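Read through the structure below, which is laid out as structure tokens, and then see the notes.
FYI, it's all coordinate maths here, none of it is from the lab. Model, not experiment: these values are computed from the prediction. Here the Cβ is made from the backbone with ideal geometry for all residues, glycine too, and neighbour counts use every protein chain on show.
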Amino acid sequence: MIAEAAALSAGSATPTPGADAGGQGFVEFVDVEKSYDGRTFAVTRLNLDVARGEFLTLLGPSGSGKTTTLNMLAGFERPTSGVITLEGRSVDRLPPYERNIGMVFQNYALFPHMSVEENVAFPLSVRKITKVDVASRVGRALDMVRLRQFGDRRPAQLSGGQQQRVALARALVFEPSLVLMDEPLGALDKKLREHMQIEIKQLHTMLGVTIVYVTHDQSEALTMSDRVAVFNNGGIAQLGSPDDLYNMPESSFVASFIGENNTLEGKVERISGKECRVALDGGGSVTALAVGVTEGAACHVAIRPERLKLAPASNGANALPATVDGRIYLGDHQRLLTKLENGQVLTVKVGPEATMGNGEAVTVSCAPNDCRAFPADAGTGGSISKTGE
Amino acid sequence: MSALEPTKLDQPRPSRDWSAADTGTAKSVAAALRRADLGDRLRSLALAAPLLVLLALSFGIPIVLLLSRAVYDPTIANALPQTSQALRGWNGTGLPDDAAFLALAADLRSNQAKGTAYELAKSLNARLPGARSQMLKTVRQLEAADRPPLEVMKAVPFWSAPGTWPVIESGTHSVTSFYLLSALDLRWNADGGIERVPPEQAIFVQVFMRTFFVAAAVMLATLVLGFPLAYLIASVPKGLAAVLIVAVLLPFWTSILVRTAAWTVLLQKFGLVNDLLLWLGAADDRLDLMYSRIGLIIAMTHIQLPFTLLPIYSVMRTIQPSQMKAAYSLGAKPFTAFRRVYLPQVFPGVMAGCLLTFILCLGYYITPALIGGASDQLISNFIASYVNVELNWEMAAALSFILLVFTLALFGIFARILGLDRLKLV
């Protein structure tokens with residue numbers, strides 16, 4: 001279950017370079033690596049600071065190392081090398097039950113043989129808190145998630161959302177300064193998930209706890225977080241506010257993982273200042289912001305569908321002639337699939353009133369500021385960026 | 001109620017209370033549901049009918065017939081009709097009047113004529129040790145007919161002994177508590193009360209105690225060995241778990257007789273176990289493991305291990321690893337987490353495994369017969385002996401009945417503690 005015995009610790013005597021100089025990091029990962037088999041790394045060279053009171057989300061596809069990172073912080077896994085500190089103290093030698101970290105699991109992990117009240121009282125009773133105290137704190141915690149009247153029910157008698165709220169109350173009742181959430185809403189349906197997102201966010205604001213949240217759902221990450229760490233191949237691909245991640249992705253992985261995105265393939269012709277001219281494969285060219293590209297190299301140009309317009313180009317915007325290839329009706333808006341002359345496809349977000357038919361010729365335009373050119377072979381794995389700090 | 005309309009988020013599930021306006025509809029709906037339910041139930045019952053018939057014919061009826069022998073034994077009543085008649089007016093104390101003696105003499109002669117005297121003698125002897133030879137001797141003297149029957153009867157001291165007539169009298173009633181009382185080392189005394197049999201005749205209480213002791217010891221041993229093993233199997237990767245399960249089941253698939261025979265080889269004075277103990281220096285001299293209580297418990301533990309282990313394992317497998325993680329993260333130390341989170345959840349499996357082993361151990365026959373010594377025979381060995389050797393089926397039925405009652409009582413207690421629905425046998 002807990003692979004404590006097998007973990008090769010780098011030794012707790014290792015100094016934490018830069019960690020103390022870094023200042024008020026509430027949780028810090030310094031050069032943390034984790035390998036299960038000694039050959040491949042689940043997490044590589046991870047450096048991450050979490051500020052007190054922050055809502056930080058670890059976002060990434062499955063196998064990207066986000067859950068391993070969370071488990072190391074919770075104490076269920078030990079880093080192969082590197083140091084994790086909590087409030088300035090290394091937690092290397094601290095077993096999970098001494099870390100005082102609340103945790104919410106994807107499958108809730110409520111104790112089925114205990115009532116809701118007993119579940120919530122569990123962390124208090126193992127801390128040898130007096131019965132009277134326990135009762136009042138359990139009552140307050142259940143009030144907080146509006147489940148007081150269900151105190152004597154068994155978890156199995158509650159709905160999924162209610163169970164998750166019990167799990168929240170249980171993780172918060174002992175007033176931990178840090179709460180970890182491992183895809184807590186993964187088992188709920190869409191409506192309920194959105195509802196719970198708001199509820200969790202409210203609890204975070206109300207209690208001022210630090211939350212580290214793991215999810216693979218990008219919209220969830222954008223909705224709730226102060227900052228998001230996008231994980232890919234065992235490392236952080238980009239760390240920043242939801243705003244920054246959406247509007248200023250630093251790699252084509254982040255651009256396509258967060259939000260909807262069009263990718264055009266091409267080659268960098270020349271770089272002038274912040275911008276570069278990209279010759280698209282199959283013909284045509286666009287001006288885009290240069291994000292780490294070099295002249296002559298293959299690149300990906302990322303454009304958000306809502307930044308594209310169906311209008312002739314004006315004052316230096318990119319204009320690409322295309323034909324309509326399909327239309328997806330989504331109620332409040334529509335997605336227009338357009339095919340460029342070079343064969344590449346762009347999705348354009350248009351209003352609900354648009355009535356273009358298939359085969360109709362259109363001009364797709366966008367400002368150079370809304371196009372971002374990334375190196376095509378961008379090895380996102382392990383590259384650690386520090387945007388937003 | 002549109003199907004598309006999303007149910008109100010996260011509200012408690014609506015309870016099924018019908019508003020007053022709906023009562024009429026509700027009633028007819030409920031009736032329709034009941035009819036549909038009944039149809040389903042009848043269909044499944046019909047499918048199970050062949051099995052039920054087979055069970056009734058091959059299992060239920062024979063058991064009832066056999067067990068009824070414990071309380072219903074008409075042999076004596078059938079063989080002594082005149083005596084039964086003559087004893088009607090007897091008050092049960094002292095000796096009955098001469099008419100009873102004469103009636104008995106007549107009955108004995110008619111049995112001899114019909115050829116049923118031997119059966120009667122056996123039946124009397126089961127209740128009255130020594131009655132067989134006395135009766136057969138009396139019959140021979142009656143047959144000789146050189147004296148009046150009454151004189152013959154009075155001349156044999158056995159028929160005037162204080163214990164004889166009460167037993168005959170009780171035998172003339174077909175329904176008897178004699179065997180059941182005997183199975184508990186009890187008997188009717190001359191005053192019509194129940195008393196313990198003299199210590200030198202008492203045997204079954206001790207055998208029952210021994211049976212329960214051995215069953216409990218084996219249950220504990222399998223639990224102590226099986227629980228950690230089940231935990232190991234439940235926590236290792238699937239492939240290894242499958243190998244371990246096969247290793248556990250392999251002996252399970254072998255005939256119990258073969259396994260018992262294997263243990264007789266291993267436990268011999270010059271067998272492998274003793275060799276090993278000597279070699280390890282764990283024993284100074286060769287131990288008498290064969291024909292001993294300890295050898296019996298070792299062999300039974302080996303045979304019973306899968307029965308205890310499998311229910312525990314099947315429950316352990318359903319407990320998600322996140323349960324223990326959650327307990328740790330909430331501040332529970334490993335032992336506390338085990339005691340308060342893990343153990344309560346595997347408890348139904350532990351109870352089921354222990355109950356299964358305990359009850360199966362109560363009926364062990366071959367293993368004690370082959371490995372146990374004379375003082376290690378369990379109740380089943382006595383039942384078998386009454387059936388096969390003594391041909392006293394009444395006593396066998398009585399012992400079986402007592403065993404069955406104990407077993408059911410035990411099961412009832414388990415079920416009461418745990419709730420039958422929580423008893424996870426598979």
Check your understanding: Among B:S28, B:S375, B:S58, which one shows the biggest mean-square fluctuation in a GNM of chain B, springs joining Cα atoms closer than 10 Å?
Key -> B:S28
Review point. Once you charge only the Cβ atoms, +1 for Lys and Arg and -1 for Asp and Glu, what is the size of the charge dipole of chain A about its Cα centre, to the nearest 20 debye?
Key: 800
Check your understanding: Under a no-solvent Debye model with one identical scatterer per Cα of segment A:27-247, what's log10 I(q)/I(0) at q = 0.11, 0.12, 0.14, 0.18 Å⁻¹?
Key -> -0.54, -0.64, -0.86, -1.33
Review point. For segment B:127-142, what does the Karplus curve 6.51 cos²θ - 1.76 cosθ + 1.60, with θ = phi - 60°, yield as ³J(HN,Hα) per residue in whole Hz, taken in order and with x for Gly and Pro?
Key: 9, 9, x, x, 5, 4, 5, 4, 5, 5, 5, 4, 4, 4, 5, 5
Exercise for review: Holding the Cα-Cα limit at 23 Å, pick out from A:K309/A:K339; A:K201/B:K333; B:K114/B:K137; A:K34/B:K325 the pairs that are longer than that.
Suggested key: A:K201/B:K333
Exercise for review: Starting at the first residue of segment B:339-344, write each ³J(HN,Hα) from the Karplus equation 6.51 cos²θ - 1.76 cosθ + 1.60 with θ = phi - 60°, in whole Hz, x for Gly and Pro.
Suggested key: 6, 9, 10, 7, 4, x
Point to revise | Two-decimal log10 I(q)/I(0) for segment A:30-125, as the Debye equation yields it once each C-alpha is a single scatterer, q = 0.13, 0.19, 0.21, 0.22 Å⁻¹ | key: -0.55, -1.03, -1.17, -1.24
Point to revise | Kirkwood Rh, Cα atoms: Rg over Rh of segment A:252-375 | key: 0.97
Practice item. With a bin width of 10 angstrom, please list the P(r) values of segment B:75-176 as percents of all Cα-Cα pairs, from the 0 bin to the one holding the largest distance. Key: 16, 56, 27, 1
Review point. Which semi-axes, in whole Å and largest first, does the equivalent ellipsoid of segment B:351-415 have when worked out from the alpha carbon gyration tensor as the square roots of 5 times its eigenvalues?
Key: 23, 16, 7
Point to revise | Simple label model, 7 Å out from Cα along Cβ direction - A:S272 to B:L54, nm | key: 9.1
Exercise for review: May I ask what percent, to the nearest 5, of DSSP beta bridges between residues of the protein assembly as shown are antiparallel?
Suggested key: 75
Study note, to complete from the structure: Among segment A:206-224, those whose backbone N falls under 13 Å of a label point 7 Å along Cα→Cβ from A:E194 are A:219-220, A:223
Study note, to complete from the structure: Mean 1/r over distinct Cα pairs of segment B:297-348, inverted to a Kirkwood Rh in Å, yields 12.4
Review point. Could you put A:K191, B:K122 in order, starting from the residue whose Cβ has the fewest other Cβ atoms within 10 Å?
Key: A:K191, B:K122
Review point. What per residue convex hull volume, in Å³, do the alpha-carbon atoms of chain A yield?
Key: 170
Check your understanding: How fast does segment B:20-129 diffuse by Stokes-Einstein, in µm²/s, taking the Kirkwood radius from C-alpha pairs at 37 °C and 0.692 mPa s?
Key -> 167
Point to revise | Size of electric dipole in the protein assembly as shown: Cβ of Lys, Arg +1 and of Asp, Glu -1, about Cα centre, debye, nearest 20 | key: 1400
**Study point:** GNM result for chain A, Cα springs below 10 Å: residue of A:G359, A:G75, A:G151 fluctuating most strongly
**Key:** A:G359
Revision key, fill the gap. Taking max minus min of the Cα coordinates of segment B:204-422 on each principal axis, largest first, gives extents in Å of 65, 48, 29
Point to revise | Unit charges on C-beta of K, R, D, E only; dipole of chain B, Debye | key: 1440
Practice item. Kindly give the semi-axes, whole Å and largest first, of the ellipsoid equivalent to chain B, taking each as the square root of 5 times a Cα gyration tensor eigenvalue. Key: 57, 36, 18
Point to revise | Quotient of C-alpha Rg and 2.2 N^0.38 Å, computed over the protein assembly as shown | key: 1.50
